[in-house]
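Nothing in this text is a laboratory measurement; each read-out follows from the coordinates by a stated rule. Computed from a predicted model, the values in this text were never measured in an experiment. Every residue, glycine among them, receives a Cβ derived from its backbone with ideal geometry; neighbour counts consider all protein chains shown.
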């Protein structure tokens with residue numbers, strides 16, 4: 001059971017991380033954040049949030065590991081194939097009407113969503129006119145996204161997902177297998193800019209036709225969600241698309257009015273025109 | 001200010017549909033509490049639990065979205081491949097954290113976060129299942145002063161989960177499914 005002291009210490013820890021390292025976790029959904037910080041306390045052998053605060057303030061080497069507890073990295077290529085099928089069948093025809101495209105994978109983690117979209121755009125003939133932006137707050141995750149190397153044992157699932165998403169090619173066309181790993185073709189990311197970007201402290205950086213941000217907002221409270229969604233609203237062109245995770249919704253957001261449901265079942269929204 | 005909702009949390013695994021079918025349809029439309037349910041599900045398939053029970057129940061039944069407000073007289077199922085957590089200001093959050101007891105959603109995660117949020121004003125129920133998930137969470141509810149109910153193991157189609165829960169919680173009452181349904185109605189009315 002959390003005591004009042006725990007709550008005070010937790011708040012101070014998050015303030016310390018913000019002031020020392022400029023990462024703002026104060027608006028993360030607390031139920032899950034508390035669980036992950038409890039695991040972090042165990043890992044760092046700290047009996048309290050205050051002890052963890054002392055460690056992270058005085059030892060910058062602690063931060064990367066702590067970030068891996070504070071952010072959740074779970075993804076797969078073409079996760080929720082129905083989402084990518086809806087992008088392919090319903091969104092791509094709109095995107096084909098633009099001479100050039102900018103696509104943002106917000107909270108790209110280790111890159112699975114980016115490579116999924118890059119493959120889909122290549123299959124649909126859109127790749128050459130597209131610039132991708134893949135952003136995350138976790139530098140280690142970004143490095144892994146840029147490397148594009150995944151465990152070979154995950155490939156059967158990725159392959160199945162790709163087929164179910166309506167893939168027009170074989171996933172094996174896009175990677176080479178070596179030493180237990182699948183190394184994805186670097187030409188898939190030649191049109192991608194990888195960048196450190198926070199949905200809660202950074203601002204608009206481009207005018208976009210599509211933003212895909214899946215299972216990132218679930219870790220935010222409603223305030224942080226509204227901040228991120230207003231960023232998405234301000235960076236999408238009128239009629240631009242926003243894709244969320246399978247159980248994420250604009251229903252509870254202040255920004256709901258700026259968007260209309262485009263594909264209800266797969267949580268794809270369209271920015272209303274001005 | 002609106003008073004916070006009161007809640008029931010239910011966890012089940014193998015044998016869940018049969019057990020829930022004896023409980024949920026028996027509850028009245030003005031039951032008065034919210035019901036939050038984790039059933040262990042295969043991660044890669046759409047769940048039809050909400051649809052099945054929406055037709056059978058007088059309560060509103062839905063699969064939870066992230067940041068869903070918790071409302072009385074509504075039943076919320078955790079979606080496949082997400083943990084469902086209760087925030088202290090009484091809405092639901094979802095998460096893709098690591099599975100617990102090989103399960104996502106995990107009963108322990110729902111129950112422990114619900115105990116934090118609802119304190120003693122919570123009823124926890126463990127039904128049929130073939131895994132230990134839920135015992136720890138039921139213990140958290142008991143420690144917070146909530147009421148804990150368990151399906152009688154000999155009546156459950158899979159008794160591992162009820163037995164594990166009874167072993168952890170001294171104050172747990174082992175009841176038949178009908179007994180659980182009437183206990184819920186009495187507790188909710190009281």
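Values for this structure:
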quantity	calculated
Cβ neighbours within 10 Å from other chains - mean over B:60-67	5
Translational diffusion coefficient (Stokes-Einstein; Kirkwood radius from C-alpha pairs) of the range A:81-271 at 25 °C, 0.890 mPa s, in µm²/s	146
Per-residue average of Cβ from other chains inside 10 Å of A:218-224	4
Within a Gaussian network of chain A (alpha carbon springs, distance under 10 Å), most fluctuating of A:197, A:22, A:162	A:22
Gyration tensor over alpha-carbon atoms, the range B:7-189, equivalent ellipsoid semi-axes in Å	20, 18, 17
Degrees between helix A:30-43 axis and first principal axis of chain A (Cα, 0 to 90, nearest 10)	70
Shielding by other protein chains, B:104-116, mean Cβ within 10 Å	2
Residues residue B:173 and residue B:47, FRET efficiency given R0 of 35 Å [Cβ-Cβ distance, rounded to 0.05]	0.75
Rg/Rh (Cα only; Kirkwood hydrodynamic radius) as it applies to the protein assembly as shown	0.98
Degrees, to the nearest 10: A:4-21 long Cα axis against longest axis of chain A	60
Sites residue B:154 and residue A:100 - FRET efficiency at Förster radius 45 Å, r taken between beta-carbons, to 0.05	0.10
C-alpha center-to-center spacing [the range A:70-102, the range B:95-135] in angstrom	33
Of B:101, B:90, B:40, the one that fluctuates the most in a GNM where chain B has Cα springs shorter than 10 Å	B:101
Nearest-0.05 FRET efficiency for residue A:237 and residue A:61, computed from C-beta distance (R0 30 Å)	0.10
For the range A:9-129, average projected area of the Cα convex hull in nm²	9.5
Ranked packing of A:100-106, A:206-212, B:9-15, most packed first, by mean Cβ within 10 Å	B:9-15, A:100-106, A:206-212
Folded to 0 to 90 degrees: helix A:112-123 orientation relative to chain A principal axis, Cα	10
The range A:167-183-the range A:235-267 distance, computed between alpha-carbon centres (Å)	32
Rel. contact order, % - alpha carbon contacts under 8 angstrom, at least six apart, the range A:4-70	38
Segments A:172-179, B:117-124, A:186-193 sorted - mean Cβ within 10 Å per residue, highest first	B:117-124, A:186-193, A:172-179
